[in-house]
1. Compute the separation of the alpha-carbon centres of segment A:4-55 and segment B:330-356 and state it in Å as a whole number.
2. Simple spin-label model, 7 Å along Cα-to-Cβ: B:E274 to A:Q52 in nm?
3. Could you put B:T401, B:T296 in order of accessible surface area, largest first, with the 1.4 Å probe and the full protein assembly present?
4. Counting helices only, and only those DSSP H runs with n ≥ 4, report the 222 nm mean residue ellipticity of chain A as the sum of -39,500 (n - 2.57) divided by its residues, in deg cm²/dmol to the nearest 500.
5. Within 14 Å, Cβ to Cβ, of B:T124, how many net charges do the neighbouring residues add up to if Lys/Arg are +1 and Asp/Glu are -1?
6. May I ask you to work out the translational diffusion coefficient for chain A at 10 °C, viscosity 1.306 mPa s, via Stokes-Einstein with Rh from the Kirkwood sum over Cα pairs, reported in whole µm²/s?
7. Can you compute the helix-only [θ] at 222 nm over chain B? Use -39500 (n - 2.57) per DSSP H run of at least 4 residues, normalise by all residues, nearest 500 deg cm²/dmol.
8. Leaving ligands and nucleic acids out of the surface, order B:M1, B:M294, A:M53 by accessible area at 1.4 Å, largest first.
Amino acid sequence: MKNRRHVNREKIVNALELPKDLMLGTPCLTMNGNRELLIENHRGILTYSDRQMVVLAKDIRIEISGTGLYVEYYTADLMKIQGQMDGIAFRP
Amino acid sequence: MILRIYRFLCGYLTLLLSGRKAGRFLNLCTRRGMNIWNVVLEGEDRCRLNMYLKDFRNVRPLCRKTKTRLRIQKRRGLPFVLYRYRKRVIFPAAFLAAAGLLFFCSRFVWKIEIDGNSRLSDDTIIRYLEENNAGFGTAKKEIDLEKLELSLRRDFPQIIWASSYIEGTRLVVEIQENLKEDGGSSASDGADASCTDLIAAKDAVIDSIITRSGVPLVKAGDPVAAGDVLVSSRQEILDDAGNVREYFYQSADADITGRVTYPYEEKIPAAVSEKKETGREHTVYFVEFFGRRMETPKIFNDFDLFYCIEDYRQLHLTDHFYLPVFFGKRSFIEQEEQEKTYSKEEAEQIAAAHLNQFLSDLEENGVSIIGKNVMIDKIGDFYQVSGTIEASEPVGAKAPTEILQIPGQDEEHE
């Protein structure tokens, strides 16, 4: 039921050409190579270590694996992660 | 960079966070609008992070809730610096006083630059500016630049264009001089008299005369005295009886060159006292603030005969921000007087040098030298240099024409 409601909402946002990150609250990821990752619209950190970081977002979890990971800055809706990143996975 | 300055001004702390729920602590902080940066893991359940001072004051309940501990590692920023030096009042006071003094100085003119002058000297213009309330040390807001430009053009007829502007504490006056000798006078002639004759400017023998308009009254080879009319602008129109019926006036215009003889005379004393440097020199150094000069003490006796050279520089922070601070040195250079007697050869050399200077001055004024006959003789204590210089030069000068009444006209009317 919830998923159907989400699909409907996405259709409306697409039809009206509205920005999805604002209207749907989906996370927006920007990468510079594999050394910098900027995450907007996050909901907080779930686990935090220098090898793996799990960041919560609306409906999904973002798993970042690598070495020497650290948070350069962390505000209510913006987070910048630095380090050697090996992979990014999205889990429901 | 701006962010770093902002963080420094606000003040921030480097904290060591320990506890099992460190992640939850971070999330809670961001939910309450606290900014956190440089979060680095230091080991098992320990991480280092930076936080603003104002946020740190509200963080205690979060630590209690997440059962974490915070330890301050470093304090950085202006609030901590001010706190550390709270008892040292003189340093910030001196800093503020220096800033205030600079601000005060920036409201006055401390340097005047004159550009474009070749005949008028810098000193003349600077003295004029001082008389017109735009000199060294005048408040910038009191200087009316447009009025200054106008008055410069009005009071110096040779200035045909003037511009002035203030950059920093520098007043720049740019002028353009009228380098044509008679440019101004010819214009005024034209305005005063509608019709002009050409008269002889000096005694001469006419070499050549080419008349474009007017009636020539002399021919080549005629001797003329200064003031004689060479080309008249008045033409007589005669009737059948040979009487003057009317006069026709048209300004005279001609190229007239004449041979002019210049007398040359000079007396060169046979014995002169020459001042010669002995090589001894004393120097004092000085600093000048707002017109008050402080010199290093003189630890030497004054020379009997000396001259003084002053070399100074003005302090400036940028190219345009000059300050009323000068520093430099004054050198006293000793001289001694020596009696010297010139031999005839030496006197001839000096006389030749002076004569050449005189001739080149003449040539600069458009005179071409045809011949010279100069002799040198010893008369008593002097060498007498005398002779004549023959030159060819334009001799015509404009002069207003005398307007004559037509003879017998009144009788005719009667």
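The values are calculated or read from the model by the stated rules, or taken from the named source; none is laboratory data. Only a predicted model underlies this, so the values are computations on that prediction, with no experimental measurement involved. Every residue, glycine as well, gets a Cβ built from its backbone with ideal geometry; the counts of neighbours run over all protein chains shown. All accessible areas refer to the heavy atoms of the entire protein, side chains included, with ligands and DNA or RNA removed. Shrake-Rupley method; radii C 1.70, N 1.55, O 1.52, S 1.80 Å.
1. Their Cα centres are 96 Å away from one another.
2. The answer from the label model is 10.2 nm.
3. Most to least solvent-accessible, the answer reads B:T296, B:T401.
4. Value at 222 nm, helices only, nearest 500: -6000 deg cm²/dmol.
5. -4
6. 113
7. That comes out to -8000 deg cm²/dmol.
8. B:M1, B:M294, A:M53
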